[in-house]
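Working notes for the structure below.
The values are calculated or read from the model by the stated rules, or taken from the named source; none is laboratory data. Remember, it's a predicted structure, so these values are computed and weren't measured experimentally. Note that each Cβ is placed from the backbone with ideal geometry, even for glycine, and that neighbours are counted across all protein chains shown. Surface areas here come from the heavy atoms of the whole protein model, side chains and all, with no ligands, DNA or RNA. Shrake-Rupley method; radii C 1.70, N 1.55, O 1.52, S 1.80 Å.
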Amino acid sequence: MFCYASGNRIFADYLGIPHVPGVGEIMVFCAAMVGAGLGFLWFNAYPAQVFMGDVGALALGAALGVVAVAVRQELVLFVMGGVFVMETVSVILQVASFKLTGRRIFRMAPLHHHFELQGWPEPRVIVRFWIITIMLVLIGLATLKIR
């Protein structure tokens, strides 16, 4: 969506985002990522039948980062990916705290394991993170017009 909006001068001017000529081709790549992601999520629903390893997750994150840089929307990706940022920051804080003070902040890092160890069932953690992600995506989309 950002690719199309950035590549279309009328939409870019309306939303107040930089017009980047020639990014329409990235839309095809993004559509392929969405299709592959939906196919993965179909079989990854609780209880999961298929798991994504580090190779797939890191490649997907890198692809999202490259697309954000290409369409000049890095901050929006940071906001929309807030759950991923929160998970990463929880690991950084846990490691730093343990190395500096010898104490842990969370029962286990990343953050979703902390909630599971507090007694939350896995589906509850997943759905709560979905809700947070939906809210962050809506906030990210809303900021397009505000700028």
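May I ask you to list the residues in region 1-22 that are over 21 Å from the mean Cα position of the chain (by Cα) and either in a helix (DSSP H, G or I) or surrounded by 14 or more Cβ atoms within 10 Å (Cβ to Cβ) (or both)? Passing the criteria: GLY7, ASN8, ARG9, ILE10, PHE11, ALA12, ASP13, TYR14, LEU15, HIS19, VAL20. Of VAL69, VAL91, VAL95, all but one fail to be open to solvent by less than 60 Å² (accessible area, probe 1.4 Å), without any contact (Cβ under 8 Å) to a residue 60 or more places away in the chain and in a helix (DSSP H, G or I); the exception is VAL91.
Tallying residues that are loosely packed, with under 12 Cβ neighbours inside 10 Å, touching a Lys or Arg at 6+ places or on another chain (Cβ under 9 Å) and outside any helix (DSSP H, G or I) within region 98-135 yields 1. Filter region 48-58 down to the residues that are open to solvent by 60 Å² or more (accessible area, probe 1.4 Å), part of a helix (DSSP H, G or I) and not acidic (Asp, Glu), then identify the one that is farthest from GLY81 (Cα to Cα). Out of the qualifying residues, it is VAL55.
Of the residues GLY102, GLY140, which is among the small types (Gly, Ala, Ser) and within 21 Å of the chain's Cα centre (by Cα)? Show your work before the answer.
On the way: GLY102 fails: within 21 Å of the chain's Cα centre (by Cα).
Every option except GLY140 fails the conditions.
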